[in-house]
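Reading through the structure tokens given below for one structure.
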Amino acid sequence: MTIFEAIVIAIVEGITEFLPISSTGHMIIVSSFMGIAKDDFTKLFEIAIQLGAIMSVLVLYRKKFFPLNHWSFYIKLIVAVVPALVLGLLLSDKIDELLESPMTVAVTMLMGGLILIFIDNLFTVHTIEKEEDISYIKAFIIGCFQCLALIPGMSRSAASIIGGMQQKLTRNLAAEFSFFLAVPTMAAATGYKLLKAIKETPEMLSNKSNLVLLGLGNIVAFIVALIAIRFFISVLQKYGFRFFGWYRVIVGLILITLIYTGYLK
């Protein structure tokens, strides 16, 4: 992986991580178009740069995360992240296989897009406007919805937002809770991958050029994610989720066409 390729992938991560359009799916497609080999380091890089995106949430919502005395808030996040952690560990190898499949991304992009187009009409009752009113049971159910994001192309953000609106959260609160939930979810996924790499391929992280790429990728992802989150909230307030739903449908159809015509493998 070159520095240019690392920057491009990090920009894609920063833009798409918190939008309901699938960061993993976009990175898989971009990597395929750029001809980047899906070696162990590339897979690690695409997961590890999520740390940069996590930091953008901590910075933008620092009053929510700090000081560390919001026990109810933290417990809700822990409760919500448990389902994804358990399934993620059990299905780790299968998920790694799916990460190499553009067709999986194309199909889930299309299906997720159709849901987002109609989500504002599907869930019209929004009685929960503040995070404080989200019960532990509702947090757990939202976390179960997040498990859908284990399928590349589904989008962790989209899955948890759909879960939030199904649990009667307003669309703004559903989006924000999705941001909050990203922190422990992505931190756990990144930590697991890094520990696995240290144990199985320590030479990969002792390589100075790899460390430079990881550092650069996280910085770029952090800066771009800061901008993307503000953009998402602005579009959400004006147009709802329909805009992102149509985007996913169009991209999904284009990808399926490219795959069947042989332009994308």
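The values are calculated or read from the model by the stated rules, or taken from the named source; none is laboratory data. All values reported here derive from a predicted model rather than from experimental measurement. Cβ sites come from the backbone with ideal geometry, for glycine too, and all protein chains shown count toward neighbours.
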Candidates F180, F243, filtered to the one that is closer than 28 Å to F65 by Cα and among the hydrophobic types (A, V, I, L, M, F, W, C): F180
Filter result (assigned to a helix (DSSP H, G or I), free of Cβ contacts under 8 Å to residues at least 60 places away in the same chain and among the aliphatic types (A, V, I, L, M)) within region 1-40: V8, V12, M27, V30, M34
Tally, over region 114-153, of residues that are at pLDDT below 90 and of a type in the set (G, A, S): 2
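The rows are residues; the columns are (1) under 18 Å from N210 (Cα atoms); (2) free of Cβ contacts under 8 Å to residues at least 12 places away in the same chain.
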{"residue": "I47", "(1), (2)": "yes, no"}
{"residue": "I54", "(1), (2)": "no, no"}
{"residue": "N69", "(1), (2)": "no, yes"}
{"residue": "F73", "(1), (2)": "no, no"}
Enumerated helices (runs of 4 or more DSSP H) restricted to region 156-265, each holding at least 2 residues that are surrounded by 23 or more Cβ atoms within 10 Å (Cβ to Cβ) and out of contact with any Asp or Glu (no Cβ under 7 Å at 6 or more places or on another chain): 156-166, 171-200, 208-239, 242-260
Condition broken by L122, with the remaining ones in (1) under 18 Å from Q166 (Cβ atoms); (2) in contact with a Gly (Cβ under 8 Å, 6 or more places away or on another chain); (3) among the hydrophobic types (A, V, I, L, M, F, W, C) satisfied: (2)
Candidates A159, A106 - the one that is closer than 23 Å to I54 by Cα and small (G, A, S): A159
A225 vs. criteria in contact with a Gly (Cβ under 8 Å, 6 or more places away or on another chain) and either touching a residue at least 12 places away in the same chain (Cβ under 8 Å) or not small (G, A, S) (or both): yes
Residue in region 82-96 that is over 27 Å from I223 (Cβ atoms), among the basic types (K, R) and either in a helix (DSSP H, G or I) or at pLDDT 85 or above (or both) present: yes
Leading residue by the ranking (nearest to K168 (Cα to Cα)) among those in region 127-145 that are in a helix (DSSP H, G or I) and of a type in the set (G, A, S): A139
Residue tally, condition surrounded by 20 or more Cβ atoms within 10 Å (Cβ to Cβ) and more than 30 Å from V251 (Cβ to Cβ), over region 130-154: 3
Selection count where residues are crowded, with 16+ Cβ neighbours inside 10 Å and aromatic (F, W, Y), scope region 44-72: 2
